[in-house]
Each structure stands twice: as structure tokens, then as C-alpha cells.
1. Tell me which of these residue 42 doesn't satisfy, since it passes every other one: (1) surrounded by fewer than 20 Cβ atoms within 10 Å (Cβ to Cβ); (2) modelled with pLDDT under 95; (3) more than 17 Å from the chain's Cα centre (by Cα).
2. So, in the range 45-63, exactly how many residues are over 17 Å from residue 73 (Cβ atoms) and surrounded by fewer than 16 Cβ atoms within 10 Å (Cβ to Cβ)?
3. Is it the case that residue 33 is farther than 30 Å from residue 104 by Cα and either surrounded by fewer than 20 Cβ atoms within 10 Å (Cβ to Cβ) or within 12 Å of the chain's Cα centre (by Cα) (or both)?
4. Only one of these conditions is not met by residue 142: (1) in a loop (DSSP other than H, G, I, E, B); (2) touching a residue at least 60 places away in the same chain (Cβ under 8 Å); (3) under 15 Å from residue 106 (Cα atoms). Which number is it?
5. Exactly one condition in (1) outside the structural domain of residue 191 (by TED's automatic domain parsing); (2) over 21 Å from residue 205 (Cβ atoms); (3) surrounded by 15 or more Cβ atoms within 10 Å (Cβ to Cβ) is false for residue 97; which is it?
């Protein structure tokens, strides 16, 4: 059995900056901060971590009330931004997910810094959400490695629920486009596939030493061969 945990932004889709654009609007409408995201990195990070940094930068209290204000506004506004921005599904994604979904020896999940509901909204916009049964998300944790641990725990719980037992011998893979994805894979003793469809160069991703470094996900044959190996 193989457990494949996919990142979203820069790995499966490019949203045209819809997520960051939504952050910008909320900071202005709810906290009075104009162009508030400038200088803050979004790549590979959890929404919780990004918002914590934005609050610190603009001297906004990092309280649960402010978090809830952000979360509610974000989930309300994101679909509109998704419709406004020219996003797309990345090369090879549709074909690869279809192949993996059809197999009974592969479980597909998400490992993303997005809010759980934000992940659903983004992937549903592009018709991809139904491929995934579980995941780890950026609602709670600042550290993406903790999100990875949640994703793996939820994968085990899904196995237990559907099969009556969790296969501790399953091989776990993390597929992402940032150094933080590779680090998250190592945090849960998983193998890492890094793709150059995000914002990082071959050199930057190469130094993280992923198990496989690809230009994109179009080489379905090579990828499927990885999961043809018995575990």
C-alpha cells in the first residue's frame, strides 16, 4: 500500500494569486491595512503561520477572535477571487490523479498549508477535490511538519475506518513544490517528490535532496512505476 500526500498550490494548481489576493482584501477591509502582504512569504507555509506573521508585522493582536474573523472572511471571499483570477491545473495532474484514484493499492490525501475548507474550495473549483479522502491542513498548526503528522495520522485513521486496520508498513510519499514539502516528508519518514511547477529553482529544490526531482507531473509512466513496486 502507498499513501500519497499532495501539496496544492504550485503542485496541483496555480490559482493566479487568489489566496494571497484574499488575504490582502481581508487585511484592508477588516484590519485597515493596505497592501499588507508585501514582504511576507506565502510559499509552502500554513495559513496560520502566514497570518501570524502578518499580524506581527502590522501590530495586530494574534488572538483567536482575530483568527476567526480572518477565517470566516477568507472562506466567504475566496470563491469570488478564484473566479476573478486566471488560474489553471498544472501539467499532468488530471491524468496522474485519475490513474492513482483507480488503483486499490494507493490512498490519496492532502498535505497543505491551506485551511481545510479553503483546500476544498480551491480544488473543487478545478474539479479535483473528489480524488482525496483525508489530509493535513493549515487551520491549527504554524509548523508544516505538524501538518504532515496530522496528514499521516488521518491516513491511518482512514485505513482503519475503511479496512478495519491501518497498514503501518504502507510507504508514504509527499509530493510538493517547495523545500518545506521535502522537510515535511522527512518529518514523517516519507519519501519526497519535488516538482518545479512552483516558485523555486532546480538548484534550490535540489539541495533539499528529494527522492525524485521533476520538471512537472507529466511523466505519468515514471511516477506510476514508483507505486508499482510492492511494499
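The values are calculated or read from the model by the stated rules, or taken from the named source; none is laboratory data. Since we're looking at a predicted model, the values are computed, not measured. Every residue, glycine among them, receives a Cβ derived from its backbone with ideal geometry; neighbour counts consider all protein chains shown.
1. (3)
2. We begin by selecting, within the range 45-63, every residue over 17 Å from residue 73 (Cβ atoms); these are 45-46, 49, 53, 56-57, 59.
Subsequent filtering for residues that are surrounded by fewer than 16 Cβ atoms within 10 Å (Cβ to Cβ) retains 56-57, 59.
Of the residues in that region, 3 qualify.
3. Numbers: farther than 30 Å from residue 104 by Cα: yes; either surrounded by fewer than 20 Cβ atoms within 10 Å (Cβ to Cβ) or within 12 Å of the chain's Cα centre (by Cα) (or both): yes.
Criteria met by residue 33.
4. (3)
5. The one condition residue 97 does not meet is (1).
Quick grid of which residues meet (1) in a loop (DSSP other than H, G, I, E, B); (2) outside the structural domain of residue 138 (by TED's automatic domain parsing); (3) in contact (Cβ under 8 Å) with a residue 12 or more places away in the chain; (4) surrounded by 16 or more Cβ atoms within 10 Å (Cβ to Cβ):
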| residue | (1), (2), (3), (4) |
| --- | --- |
| 160 | no, no, no, no |
| 173 | no, no, yes, yes |
| 200 | yes, no, yes, yes |
| 204 | no, no, yes, no |
| 208 | yes, no, yes, yes |
| 213 | no, no, yes, yes |
